[in-house]
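Working notes for the structure below.
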Amino acid sequence: MRDLGVCYYPEQWDKVLWKQDAERMAEAGLSWVRIGEFSWSRLEPEAGNLHWDWLDDAIECLGSAGLKIILGTPTATPPRWMLDKYPDMLAVDEQGNKRKFGSRRHYCFSHEGYRDESKRIADLMGRRYGTNPHIAAWQIDNEYGCHDTILSYSDAARKAFQIWLKQRYIHIEALNEAWGNVFWSMDYEEFGQIDLPNLTVTEPNPAHCLAFRRFSSDQVVSYNQAQAQILRRHSQAPLIHNYMGRITEFDHYAVGKDLDIASWDSYPIGFLSDRLEAEPEHKKRFLRQGDPDFQAFHHDLYRTVGKGRWWVMEQQPGPVNWAPYNPAPLPGMVRLWSWEAFAHGAQTVCYFRWRQAPFAQEQMHSGLLRPDGEAAQGLYEACQVAKELDDLQKKQSLAPIQAQKNKVALLFDYVSQWAWDIQPQGADFDYFRLTFEAYKALRQLGLSIDIVPPDADLSDYALILAPGLLTLDDVKHETIKGTSLYGPRSGLKTKDLSIALPLGPNLADLECKVVMSESLPSSADQELSVGGAITGWLEHLETDAPVHIATKEGHPIMVGKEGQYYLAGWPDEQGWQAILSELCQQAGLAVTAMPQGVRQCQNQGLRFLFNYNDHPVSFDGITLPAAGVHWQS
């Protein structure tokens with residue numbers, strides 16, 4: 001079953017509006033409503049003084065209208081009295097500045113006092129509403145990592161980090177050896193001497209930084225796990241967190257293990273402006289539509305994080321307020337974004353928000369309704385999606401897509417992101433961008449992709465791509481039956497971010513060593529013999545393996561045999577197309593060159609086409625209007 005929902009904040013509106021709003025939501029074809037995630041100050045205006053009556057009434061009002069409720073724990077917005085109780089609970093940034101009260105996410109994951117308060121409010125909410133028939137799901141906290149809030153350099157984090165290191169390395173000598181602390185006389189005598197890796201004279205030890213990133217991610221995992229365990233004692237409703245776009249500071253796979261459903265907050269136009277490297281012409285072309293692949297990448301990632309169950313918890317319905325520029329969506333795009341999520345296996349798409357707020361930080365952020373309560377463009381398109389969804393589901397049952405459905409796997413690893421953030425060895429090297437460009441190239445060939453962690457079972461895939469993995473230790477090579485491509489920069493380091501010896505990538509069936517790596521400016525791009533170029537990153541190999549692709553000067557770029565290959569550089573868009581076209585042919589995968597801005601997705605017997613262009617496009621006998629969506633059996 002696929003359905004629609006919306007985010008609502010009853011505490012922000014006069015109670016006389018609640019019944020009217022609930023009825024209008026149901027009339028629009030919405031089934032779910034998310035509430036509560038920012039409400040702590042109204043639930044507990046003073047420590048221990050609980051006010052449940054308004055939330056009781058809101059739940060009854062919304063539920064009586066036939067809406068299923070997602071109730072959020074309000075721990076992303078601790079009230080002001082909490083800071084008086086715990087003045088040291090605030091996170092500290094890398095420059096040593098304490099974050100202040102006055103917005104949201106103002107807590108340090110390592111502060112034990114705040115952790116206890118978070119568990120307390122989760123327990124109180126679970127006890128009160130765990131068996132309420134209107135509560136059909138729970139959201140824990142809100143948008144971990146938003147506003148750069150994962151890494152904290154507080155005293156609480158420092159003390160917790162020292163304990164974490166002792167548990168990981170046991171003996172200080174083992175830590176000194178793993179980190180190479182003989183360099184620059186950085187040896188420690190005990191774990192209590194180890195500080196956080198900030199405010200050093202020059203760059204800190206990269207192994208120290210990577211350990212801190214691992215620790216910081218583990219703090220998020222354990223914080224989320226604590227609330228999950230409490231809520232499970234009181235409720236059988238599924239547990240969810242709403243992740244974000246291109247937030248990589250914590251391991252989403254690890255957080256997802258304690259939850260039932262993954263969701264994410266999709267803001268295509270905001271992300272195009274704020275979180276995507278692209279040429280000005282690309283951003284101009286898709287100004288009101290968003291990048292054709294950015295949303296799909298996260299749909300496929302969070303499908304895996306949720307073990308096949310995933311939602312869009314917040315879908316952009318109009319202009320947002322937080323990007324450098326905030327244009328309105330092209331008419332039809334809210335519908336397109338919604339259908340694209342369903343094509344990738346979403347169970348639910350919720351729009352943010354019901355009514356635009358006329359006050360505070362997000363007053364310029366659109367909703368399905370204007371601030372005066374009149375319908376905005378997003379509501380008309382949501383209603384259209386609701387009707388179309390109902391019509392389609394009457395004709396064909398759409399079961400959830402499983403985590404492994406497609407024939408192509410792209411390995412994505414959060415630790416590798418942290419490693420190359422710490423030691424990029426070049427101004428332009430970014431792990432997310434490397435994997436995203438590989439994903440875009442696959443989509444331009446008309447392929448559907450599963451994004452999976454390094455330790456996934458790869459036996460069902462005809463083609464496996466593993467760009468930029470820090471190590472290959474976790475990859476289940478023995479499960480691979482299809483064609484695989486590793487690199488660039490895969491398997492060249494240890495888990496503690498030292499150069500691997502013997503030199504990597506150390507693939508069992510491929511005699512190949514990377515003996516030197518270069519990071520190059522765009523003026524030094526290396527043209528490929530098959531078209532396109534290597535840009536930004538180039539590796540030098542010692543290998544007896546056959547060379548399949550080289551630069552025009554004869555520098556080996558793709559080497560390998562018997563279905564296993566290594567890529568010794570970062571291709572541009574044309575280079576990726578040439579490389580992947582050859583690999584797909586070898587893997588027996590049919591490819592379709594997609595027109596610019598048009599993408600397709602296969603879903604249980606249905607083929608979906610999406611036109612991200614602001615003009616009609618004819619393709620494969622079908623004319624897609626601007627922002628058009630088409631599906632067929």
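The values are calculated or read from the model by the stated rules, or taken from the named source; none is laboratory data. Remember, it's a predicted structure, so these values are computed and weren't measured experimentally. Note: ideal-geometry Cβ built from the backbone for every residue, glycine included; neighbour counts use all protein chains shown.
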Item checked: Those residues of region 238-262 which are hydroxyl-bearing (S, T, Y) and either in a helix (DSSP H, G or I) or outside the structural domain of S118 (by TED's automatic domain parsing) (or both), in sequence order -> Y253
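Which members of region 498-508 meet the condition of being more than 12 Å from A568 (Cβ to Cβ) and touching a Lys or Arg at 6+ places or on another chain (Cβ under 8 Å)? It would help to see each step written out before you state the result.
Initial filter on region 498-508 (more than 12 Å from A568 (Cβ to Cβ)): 498-503, 506-508.
Listed by number, the residues that qualify are I499, A500, P502, L503.
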Check: Does P327 fit the bill of being in a loop (DSSP other than H, G, I, E, B) and either charged (D, E, K, R) or more than 24 Å from D141 (Cα to Cα) (or both)?
Finding: yes
Check: Just a yes or no: is a residue in region 330-347 touching a Gly at 6+ places or on another chain (Cβ under 9 Å), charged (D, E, K, R), crowded, with 24+ Cβ neighbours inside 10 Å and touching a residue at least 40 places away in the same chain (Cβ under 8 Å)?
Finding: no
Check: Within the bounds of region 378-401, is there any residue that is in contact with a Cys (Cβ under 8 Å, 6 or more places away or on another chain) and of a type in the set (D, E)?
Finding: no
Check: In this structure, is R285 touching a Pro at 6+ places or on another chain (Cβ under 9 Å), more than 17 Å from G245 (Cβ to Cβ) and touching a residue at least 40 places away in the same chain (Cβ under 8 Å)?
Finding: no
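Does region 66-74 include one or more residues that are in a loop (DSSP other than H, G, I, E, B), under 17 Å from H241 (Cβ atoms) and in contact (Cβ under 8 Å) with a residue 60 or more places away in the chain?
yes
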Margin query: in contact (Cβ under 8 Å) with a residue 40 or more places away in the chain, surrounded by 15 or more Cβ atoms within 10 Å (Cβ to Cβ) and assigned by TED's automatic domain parsing to the domain that holds L442: is that true of G468 in this structure?
Written below: yes
Margin query: As an exercise: evaluate L165 against (1) over 20 Å from L83 (Cβ atoms); (2) within 25 Å of the chain's Cα centre (by Cα); (3) among the hydrophobic types (A, V, I, L, M, F, W, C) and give the number of the one condition it does not meet.
Written below: (2)
Next item on the list: List the number of the failed condition for F412; all other conditions in (1) in contact with a strand residue (DSSP E or B) (Cβ under 6 Å, 6 or more places away or on another chain); (2) surrounded by fewer than 22 Cβ atoms within 10 Å (Cβ to Cβ); (3) not assigned by TED's automatic domain parsing to the domain that holds I69 hold.
Entry: (2)
Next item on the list: For region 604-620, enumerate the residues that are among the small types (G, A, S) and at pLDDT 95 or above.
Entry: S618
Notebook entry, point to check: Can you tell which of E189, E143 is farther than 30 Å from R104 by Cα and either at pLDDT 95 or above or crowded, with 20+ Cβ neighbours inside 10 Å (or both)?
Noted result: E189
Next item on the list: Could you check, for region 220-237, whether at least one of its residues is modelled with pLDDT of 95 or more, surrounded by fewer than 19 Cβ atoms within 10 Å (Cβ to Cβ), in a helix (DSSP H, G or I) and among the basic types (K, R)?
Entry: yes
Notebook entry, point to check: Inside region 473-514, can you point out the residues that are part of a strand (DSSP E or B) and closer than 20 Å to S416 by Cα?
Noted result: S484, L485, Y486, K493, I499, P505, N506, L507, K513, V514
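Let's see how each residue does on (1) touching a residue at least 12 places away in the same chain (Cβ under 8 Å); (2) assigned to a loop (DSSP other than H, G, I, E, B):
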site: R127; (1), (2): yes, no
site: Y153; (1), (2): yes, yes
site: Q162; (1), (2): yes, no
site: Q167; (1), (2): no, no
site: A174; (1), (2): no, no
Margin query: Return the residues of region 36-65 that are under 32 Å from the mean Cα position of the chain (by Cα) and either at pLDDT below 95 or assigned to a helix (DSSP H, G or I) (or both); say none if nothing qualifies.
Written below: W40, S41, R42, L43, L55, A58, I59, L62, G63
Margin query: Pairs needed: first member in region 483-498, among the small types (G, A, S); second member anywhere, surrounded by 22 or more Cβ atoms within 10 Å (Cβ to Cβ) and in a strand (DSSP E or B); C-beta distance under 6 Å; at least 6 residues apart or different chains.
Written below: S484/I464; G487/Y566; G487/L567; S490/A466; S490/P505; G491/P505
Note to self: With the requirement that a residue be touching a Phe, Trp or Tyr at 6+ places or on another chain (Cβ under 8 Å), in a helix (DSSP H, G or I) and closer than 21 Å to Q444 by Cβ, what does region 263-295 give you?
What the structure shows: P268, F271, L272, F294, Q295
Item checked: Criterion (within 29 Å of L151 (Cβ to Cβ), of a type in the set (K, R) and assigned by TED's automatic domain parsing to the domain that holds I121) met by exactly one of K284, K307 -> K307
